[in-house]
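This report refers to the structure that appears directly beneath it.
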Amino acid sequence: MMRRQAQSSTRITGRRELHDLGNRACHVPGHRRADRTSRTGRHATTPKPCPADWTGISDRDRLAFAYSCSGDEPYELGEEPQHQPGIPRGKIHEHRLRDSTVYAGVPHRYWVYVPAQYDGSADAALLVFLDGQIYLSPAVNTPAVLDNLIAAGDIPVTIAVFVDPGPNGPGLPVYGGSDNRSREYDSLGGDYARFLLEDLLPGIEQSYRVTAEPTRRGICGIRSAHSPWHGSAPTRSAMSSATAAVSRTSEAVTPTRP
């Protein structure tokens with residue numbers, strides 16, 4: 001009884017833990033895994049499988065999660081992400097990558113920020129933002145930040161690429177959905193780095209004069225948009241917000257040194 005109470009009071013710290021707890025909750029009380037032997041020497045009964053429609057999230061938690069994503073927090077922008085008088089504004093160009101060699105059949109939308117100071121006479125620095133629309137939204141207003149920093153001379157002339165995950169895919173573990181974000185961002189390995197290097201950036205490099213120097217390239221992501229760390233992307237600058245640097249997919253993880 002004490003053991004069952006301890007299990008029920010376990011703090012859930014992530015989606016994977018929710019999934020694991022849900023699997024345990026669906027086991028028949030008193031049963032053990034079939035690959036183990038009980039104290040009497042008998043093999044235990046196979047655990048009862050979870051219902052096909054079970055998501056691992058209670059109705060109360062589902063409402064809390066939806067509210068947390070509503071964007072209703074009382075947050076106000078400071079001066080940096082607001083357009084300042086007399087500061088030249090860069091331009092945003094929207095594009096669509098219709099297919100991918102890494103994620104076959106999955107298109108991607110992306111936007112390219114070109115600062116007013118760019119004239120193609122010298123290599124520009126390069127920034128890549130994952131979950132691109134979040135960083136372009138008024139709540140973040142990254143183009144204004146870049147306008148102000150470039151005009152002040154705090155950063156060099158910089159081309160920025162804002163790319164969204166593919167719209168069709170397996171969705172999220174437990175939470176569901178139908179996009180490709182979890183497959184791209186939550187999988188450890190070099191696939192997403194290959195996507196950047198082989199599918200996305202070659203078109204940027206053909207259209208704009210950008211540097212190949214890793215110290216002048218950077219990448220930025222939020223939450224689980226961490227996968228470029230697990231590959232050979234030629235950048236030595238990275239920024240992450242609310243990092244969730246874990247694998248939420250089912251592949252085996254072999255630690256490697258960068």
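Taking (1) among the acidic types (Asp, Glu); (2) at pLDDT 90 or above; (3) part of a helix (DSSP H, G or I) in turn, residue 154 satisfies each apart from (3).
Residue by residue, here is whether (1) under 18 Å from the mean Cα position of the chain (by Cα); (2) at pLDDT below 90; (3) β-branched (Val, Ile, Thr) holds:
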position	(1), (2), (3)
179	yes, yes, no
184	yes, yes, no
189	yes, yes, no
196	yes, no, no
203	no, no, no
208	no, no, no
212	no, no, no
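Select from the stretch 163-199 the residues that are part of a helix (DSSP H, G or I), of a type in the set (A, V, I, L, M, F, W, C) and surrounded by fewer than 19 Cβ atoms within 10 Å (Cβ to Cβ) and list them in ascending order. The one that is part of a helix (DSSP H, G or I), of a type in the set (A, V, I, L, M, F, W, C) and surrounded by fewer than 19 Cβ atoms within 10 Å (Cβ to Cβ): 197.
The values are calculated or read from the model by the stated rules, or taken from the named source; none is laboratory data. What you see is a predicted model; the values in this text were computed from it and never measured. Cβ sites come from the backbone with ideal geometry, for glycine too, and all protein chains shown count toward neighbours.
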